[in-house]
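The structure appears below as structure tokens.
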Amino acid sequence: GIGKTTLARAFARALNCKDRSGGDACGVCDFCKSKIDETPYYEEYDSSIIGNVEDIKKLREFFDYNSDDGYRVITIDEAHLLSRQAQSALLKVFEEVSSRVFFVLCTTEKDKLLPTIQSRSMDIRLNPISYTDMKDNLMSVADMNNIQIDDNILDMIITKSEGHLRDAHILLQNYTLLEREDFLQLVVTARKAYIGFYIYC
């Protein structure tokens, strides 16, 4: 929930934008306004679905891209869930695909990736989102959706989300669906259960 796959999509846009300035996508051309998931330039896979070597072999032909018109970015989310055999098969794919294909491996447990994969990768670490940025984002979302919310609730949502914006958005949605007292009870109960789990386990 801190923007790993979002960053991968932004990378695909920047690579393929026809009017980019420096390394940044322009944000206004037809490609930038298109749905990146519906273009041939971006593919996203979940490792829980393609976690074994047979899955990698089946997808191998889709990983290649021979067109001179643009670059393909292939994102593998939760890459640490790939079996070691699947990672070895993927390593072979890395060596064979076109130079116009980029792989983005999103993971929260980098050490579970093969050392040979790590050594051939650029390591980009995303930190939890700051309190200030979280608050600015949530206030913007609240304003756009006419959600009335006070600083105390915002603080509670941000604190509980621990720097993960997706979790914050889910809590904000819960706030809009529940009465204030029910929402407070939900957050407090969840926190007590979380603390209790670590005390008694």
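Some points to look at:
- Within straight-line reach of K135, meaning a Cα separation under 16 Å, sit the following aspartates and glutamates at least 8 residues removed in sequence or on another chain: D143, D150, D151, D155, E162, D167.
- Once the C-beta distance of L114 and Q185 is scaled by a Förster radius of 45 Å, the resulting FRET efficiency is 0.45 to the nearest 0.05.
- Estimated inter-spin distance, S140 and N152, nm [label 7 Å along Cα→Cβ]: 2.8
- Whole-Hz Karplus values for segment 138-144 come out as 5, 5, 5, 4, 4, 5, 5 Hz, taken residue by residue from phi with 6.51 cos²θ - 1.76 cosθ + 1.60 and θ = phi - 60°; glycine and proline positions read x.
- Given the alternatives (i) 1.34; (ii) 1.06; (iii) 1.24, Cα Rg over 2.2 N^0.38 Å as computed for this entry is given by (iii).
- Taken over the alpha carbons of segment 123-174 as equal point scatterers, the Debye sum produces base-10 log I(q)/I(0) values at 0.15, 0.25 Å⁻¹ of -0.37, -0.93.
- Shape class of segment 49-131 from the Cα gyration tensor (axes a ≥ b ≥ c, square roots of the eigenvalues): oblate, since a/c reaches 1.5 or more and a/b does not exceed b/c.
- Three-way shape call for segment 1-43 based on the alpha-carbon gyration tensor, with the a/c threshold at 1.5: oblate
- Taking amide H as placed 1.01 Å from N in the peptide plane, the amide H of T75 sits under 5 Å from that of E43, E44, Y45, V104, each at least 5 places away or on another chain.
- Straight-line cross-link reach from K92 at under 29 Å between alpha-carbon atoms covers these lysines, not counting any fewer than eight positions away in the same chain: K4, K57, K58, K110, K112.
- Loop-located trypsin sites (Lys or Arg not before Pro) across segment 125-167 with a Cβ neighbour count of 10 or fewer within 10 Å are R125, with loop assigned by DSSP.
- Ranked by the mean number of other Cβ atoms within 10 Å per residue, highest first, peptides 11-22, 70-81 order as 70-81, 11-22.
- The chain, helix-only ellipticity at 222 nm - DSSP H runs n ≥ 4, -39,500 (n - 2.57), divided by all residues, nearest 500: -16000 deg cm²/dmol
- Eligible lysines near K33 by straight Cα distance, threshold 18 Å, same-chain separation 8 or greater: K18
- Here the Karplus curve 6.51 cos²θ - 1.76 cosθ + 1.60, taken at θ = phi - 60°, turns the phi angles of segment 15-24 into couplings of 5, 9, 5, 7, 10, 5, 10, x, x, 9 Hz, with x standing for Gly and Pro.
Bear in mind that the values in this text are calculations on the coordinates, not laboratory data. None of the values given here were measured: they were computed from a predicted structure. Using ideal geometry, Cβ is built from the backbone for each residue, glycine included, and neighbour counts are taken over all protein chains shown.
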